[in-house]
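Q: Take a look at the following structure, please.
The values are calculated or read from the model by the stated rules, or taken from the named source; none is laboratory data. Just so it is clear, the model here is predicted, and its values are computed rather than measured. Using ideal geometry, Cβ is built from the backbone for each residue, glycine included, and neighbour counts are taken over all protein chains shown. Just the protein is used for accessible areas: all its heavy atoms, side chains included, with ligands, DNA and RNA removed. Shrake-Rupley method; radii C 1.70, N 1.55, O 1.52, S 1.80 Å.
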Amino acid sequence: MSDKTPNLLKRAADILTLNDRGNYTQPAHNLYPHQWLWDSCFIAIGLRHIDEERAKTELVSLLRGQWHNGMLPNIIFRDDPIYRTDRNLWRSWLNPFAPNDVTTTGITQPPMLAEAVVRVGEKLSWSERRLWYSMMYPALVRYHSWLYTERDPHREGLVLQIHPWETGLDNTPPWISELHEHLMPLWIRLIEKWHLSSVVNFFRRDTRSVPMDQRFSAIESLAMFNIQLRLRRKAFDINKILDHSLFAIEDLNFNCIFIRANKHLRDIAKSLQVDLPAELEKSMKKTERALDELWDPSTAQYYSRDFITHRLLKTPSVATLLPLYAGTISKERAAHLVELIESRHHFGPPFPVPSVPVDSPWFRPKLYWQGPTWVNINWLIIDGLGRYGFHEQAEKLKQSTLTMVKESDFYEYFDPYTGEPAGANHFSWTAALAIDLLKMDKVPSKTPKESS
Ligand code: GLC
């Protein structure tokens, strides 16, 4: 560990304290005041090194938002009069399955919960871990089962997403190009044509704390809002949504995280000595096999897929590397993805891994999910590289990630060429995952459970 390490650890811990709201941690003080699903999972992975009980609370508080049908929403809104507008924009209460005590969105986010539960479990004694697992297991089974029943209606193995926010990579190019092509209503096109973006930007809250050129465009944000309204009109009922919309995507990032989460859920069931529901077990196996359908031999990359037409969305993004994290692809394929990470024409600028390869026409080094490096994605890739035995590459990525954070502070994302910061400062998952990376002496080849 370098001289700067204790200082970095302390500063990271201070950020988690700054954003602590008692039973959950805000992703960032000004910009994101509510509880976000995958943020809390990454945050718990860091918090477990500081305070195991607080890490557990972070995850248990996510269950407040679980819908009666099993869905975990991407946001649980803060119960404060000043956020009435946020709650009203979603109106989760329109759906009979929404919880009564809290208000939420009507969509989900990548299923990182099982990973976080296992990581926190690693810090507990055998008996505490059993208690912890038995507390979280029923909610996990309901969530994973919901993903299959509602989001895999044709029983094909891959689960679909209905809003870019569900991917966690909001304005990632494959989704944005689909939006432009299929779901841009006339009123948004006219705003674009008449150059009225500045009027829209005037009402935006996000650009008050982050420079405009580091956030998604006004047109992209209107397109997101437009889908949100469509979902709300159908009261978030998936049957009605799929009946009336041709916009549903089997997102690569989401499905890779789901495959890993399923593996964790199996491990949890095993250590509790219970059997997973047979139907769920069957679906889980199907997902592992179906990942292969997202591979395109002609460009040698993985892509997301249109749910209706089964067309691969061949706009490159960092999601192509996430099968490393899923952990079910062959060693040869994994080696090919490592080449992409190492190539300076693709994912290998000085501060990898960019959210879009640098040779893509979409690439902008400081523009949200269209170029910058994000610490959570690096964490997933480091974990995957380690499990495939690419220790040197994993260690290198860990070091460049920590250097970036040390030099530029705990920002939301970073310029992959210079390491300069962008987005919100004091960002919780950057702090939490920096703690986890610092505590990782060497990148583990296998989690303790897998090697036993
Ligand atoms: C942005 C990110 C999303 C994250 C949220 C809160 O919307 O794209 O992944 O969960 O902010 O940090």
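Q: Using only the Cα atoms, what convex hull volume per residue in Å³ does region 1-159 have? Walk me through the numbers before you get to the answer.
A: On the way: hull volume 22.2 nm³, N = 159.
Considering the Cα atoms of region 1-159, their hull volume per residue is 140 Å³.
Q: Mean shadow of region 1-77, computed from the convex hull of its alpha carbons, in nm²? List each step's numbers first, then the result.
A: Details: hull surface 22.2 nm².
The orientation-averaged projected area of the Cα hull of region 1-77 comes to 5.6 nm².
Q: Just by accessible area at a 1.4 angstrom probe, what is the order of His29, His163 from largest to smallest?
A: Numbers: His29 85, His163 0 Å².
Output order, biggest surface exposure first: His29, His163.
Q: Quantify, in whole percent, the carbon and sulfur part of the accessible surface of region 4-439 (1.4 Å probe; protein heavy atoms only). Before the final figure, lay out each step's value.
A: On the way: 9040 of 16690 Å².
Accessible surface attributable to carbon and sulfur in region 4-439 totals 54 percent.
Q: On to the next question. Lysines within cross-link reach of Lys331: Cα-Cα under 24 Å, excluding same-chain residues under 8 positions apart?
A: Cross-link targets: Lys263, Lys285, Lys286, Lys314, Lys396, Lys398, Lys442, Lys446, Lys449.
Q: Regarding region 202-355, what is the average projected area of its C-alpha convex hull, in nm²?
A: Numbers: hull surface 53.5 nm².
About 13.4 nm², averaged over all directions.
Q: Using modelled backbone amide H atoms (1.01 Å from N, in-plane), which distant-in-sequence or interchain residues come within less than 5 Å of Gln35's amide H?
A: Ile76, Arg78
Q: Sticking with this structure for a sec: If packing is taken as the mean number of other Cβ atoms within 10 Å per residue, what is the order of 412-422, 101-111, highest first? Intermediate values should be presented prior to the final figure.
A: Values: 412-422: 21.9, 101-111: 23.6.
Highest to lowest by the protection proxy: 101-111, 412-422.
Q: Shape verdict for the chain, please, from the Cα gyration tensor: rounded (a/c under 1.5), prolate (a/b greater than b/c) or oblate. Walk me through the numbers on the way to the answer.
A: Values: a/c = 1.19, a/b = 1.10, b/c = 1.08.
Taking the square roots of the gyration eigenvalues as a ≥ b ≥ c, the chain is rounded.
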